[in-house]
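To start, the structure under review is shown below, and the notes come after it.
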Amino acid sequence: EINPEKSEYRTAYENARKQAKQYLASHYFTRGKYELDIGNFDLAINSFKKCVELIPDNSQYYFYVAKAILLSDGDLYEAKRYISKAIELKPNTGEFHALLSQIYFKAGLYKNAKREIETAIRLEPYNEEYKTLLAQIKKLA
């Protein structure tokens, strides 16, 4: 007879549940990247948001939601919320600060864009894309 109160059963259940979530998130992430690559931004956004729901502590999932929103010409405020969460989870990732810079740039917030791209450059000083973006921002700031 199986007793659900026994700790080994509860542990086995939690492990199976965690593995199922990871598997589903991995599937949605792969699907989201595919949709992003072919320009189906709405489907990509939905897939990445499902990843966030399943595994809310994975910074890459938040990054990709924000990236897809930006590429789709979507709600910049929503994109900022997602990338800010990614930065909160993993603050020393230049790629995250660079995306936030792009969001600010597109919103016309050039001082904020400059601050974020400079942070990205400090984290990844040899990234030429970041330096190019900084030069574009400086022209408008």
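The values are calculated or read from the model by the stated rules, or taken from the named source; none is laboratory data. This one's a predicted model, so the numbers in the text were calculated from it and none came from an experiment. Note that each Cβ is placed from the backbone with ideal geometry, even for glycine, and that neighbours are counted across all protein chains shown. Ligands, DNA and RNA are stripped out before the accessible areas are found, and what is left, the full protein with its side chains, is counted by its heavy atoms. Shrake-Rupley method; radii C 1.70, N 1.55, O 1.52, S 1.80 Å.
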Item to complete: Tally up the carbon and sulfur contribution to the accessible surface of the chain as a whole percent, 1.4 Å probe, everything protein left in place.
Response: 50 percent
Worksheet entry | Dipole magnitude (debye, nearest 20) for the chain, charges at Cβ of Lys, Arg, Asp, Glu | 440 debye
Discussion item. About the Cα centre, and with charges only on the beta carbon of Lys, Arg (+1) and Asp, Glu (-1), how big is the dipole of segment 37-80? Nearest 20 debye, please.
Written reply: 80 debye
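Counting Lys and Arg as +1 and Asp and Glu as -1, what is the net charge of the other residues whose Cβ lies under 11 Å from the Cβ of residue 106? All intermediate terms of the calculation are to be shown ahead of the outcome.
Numbers: positive: 80; negative: 73.
It works out to a net charge of 0.
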Fill in: Estimated FRET transfer efficiency (residue 73, residue 43; beta-carbon r; R0 25 Å; 0.05)
0.95
Worksheet item: For helix 41-54, what angle does its Cα long axis make with the longest principal axis of the chain, in degrees from 0 to 90 and rounded to 10?
Response: 50 degrees
Discussion item. For 129, 95, give me the order by solvent-accessible area with a 1.4 Å probe, most accessible first, ignoring ligands, DNA and RNA.
Written reply: 129, 95
Worksheet, complete the sentence: Result: in segment 83-141 the number of Lys pairs with C-alpha under 16 Å apart, spaced 8 or more or on different chains, is 10
Discussion item. Just to be sure I understand, if you calculate Rg and Dmax of the Cα atoms in Å for this structure, which of (1) 18.6, 73; (2) 14.4, 48; (3) 25.1, 77 do you get?
Written reply: (1)
Fill in: Partner aspartates and glutamates for residue 18 [C-alpha distance under 20 Å; skip if fewer than 8 residues away on the same chain]
5, 8, 53, 57
Discussion item. Given the options 84, 69, 43, identify the residue whose Cα lies farthest towards the positive end of the charge dipole of segment 1-105 (+1 on Cβ of Lys, Arg; -1 on Cβ of Asp, Glu).
Written reply: 84
Worksheet item: With every protein chain present, what accessible area does residue 38 have (1.4 Å probe, heavy atoms only), rounded to the nearest 10 Å²?
Response: 90 Å²
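Given the DSSP H assignment, sum -39500 (n - 2.57) over each helix run of at least 4 residues in the chain and divide by its residue total; what's the result at 222 nm in deg cm²/dmol, nearest 500? Display every interim value, and only then the final one.
Numbers: 7 runs with 113 residues, N = 141.
After summing the helix terms and dividing by the residues of the chain, the value is -26500 deg cm²/dmol.
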